[in-house]
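Working notes, beginning with the structure itself.
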Amino acid sequence: MDGGRAVCLLRGMAVALAITCIIFIGFGIVLTYTDLSEESLPLVSMICTGLSASAAGFDWAACMRKKGILWGMAAGAVYTLLLFLITSMAKDSFGLQLSSFMTLAVALAGGAAGGILGVNRK
């Protein structure tokens with residue numbers, strides 16, 4: 001893989017993580033200034049995961065110009081791995097639970113959808 005593609009792949013992951021930060025900062029503000037319950041956090045988290053992974057998948061597949069589903073799923077898997085690493089650093093203990101596998105499934109699906117769109121963009 002040439003340097004231009006590596007930069008493109010890193011940019012795609014940076015965009016995905018930026019989307020995650022923006023969504024969670026916005027959600028934190030909404031939680032602070034409204035009566036919205038924190039019980040909506042898992043839903044917002046899954047939506048955020050799907051959107052962020054699809055953005056990464058879109059960029060990765062657009063960079064590679066072929067095999068959009070596979071590159072999109074790879075982007076979703078890398079995004080999930082980064083989330084797990086960040087979570088494990090933020091907590092005293094980290095273990096895989098059912099929600100971890102749901103996160104991975106949503107990221108793979110979102111990445112695949114983004115990859116399909118990215119490889120077919122004009």
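Of the residues in region 86-101, how many are surrounded by fewer than 11 Cβ atoms within 10 Å (Cβ to Cβ) and either of a type outside the set (A, V, I, L, M, F, W, C) or within 11 Å of Gly50 (Cβ to Cβ) (or both)?
Here the count works out to 5.
Taking the condition part of a helix (DSSP H, G or I) and farther than 20 Å from Gly110 by Cα, does Thr20 pass?
no
Taking region 25-41, which residues are closer than 20 Å to Ile86 by Cβ and out of contact with any helix residue (DSSP H, G or I) (no Cβ under 7 Å at 6 or more places or on another chain)?
Ile25, Gly26, Gly28, Leu41
One residue is enough: does region 112-121 have a residue meeting the conditions in a helix (DSSP H, G or I) and polar (S, T, N, Q)?
Checked against the condition, which is being in a helix (DSSP H, G or I) and polar (S, T, N, Q), region 112-121 yields no hits at all.
Considering only residues that are under 14 Å from Ser52 (Cβ atoms) and without any contact (Cβ under 8 Å) to a residue 40 or more places away in the chain, which ones fall in region 102-117?
Correct list: Leu104 only.
Leu83: within 12 Å of the chain's Cα centre (by Cα), part of a helix (DSSP H, G or I) and surrounded by 13 or more Cβ atoms within 10 Å (Cβ to Cβ), yes or no?
yes
Within the set of pairs 6 or more residues apart or between chains, which connect a residue that is over 18 Å from Asp2 (Cβ atoms) and buried (at least 24 other Cβ atoms within 10 Å of the Cβ) inside region 55-77 to a residue that is modelled with pLDDT of 95 or more and basic (Lys, Arg) with Cβ atoms less than 9 Å apart?
Once the first residue is over 18 Å from Asp2 (Cβ atoms) and buried (at least 24 other Cβ atoms within 10 Å of the Cβ) and sits in region 55-77, no partner that is modelled with pLDDT of 95 or more and basic (Lys, Arg) comes close enough.
Being in a helix (DSSP H, G or I), of a type in the set (Ser, Thr, Tyr) and free of Cβ contacts under 8 Å to residues at least 24 places away in the same chain is the filter here, so list the residues in region 37-54 that pass it.
Ser40
The values are calculated or read from the model by the stated rules, or taken from the named source; none is laboratory data. Bear in mind that the values here come from a model prediction, so they are computed numbers and not experimental data. Quick reminder, even Gly has a Cβ in these numbers, built from the backbone with ideal geometry, and neighbours come from all protein chains shown.
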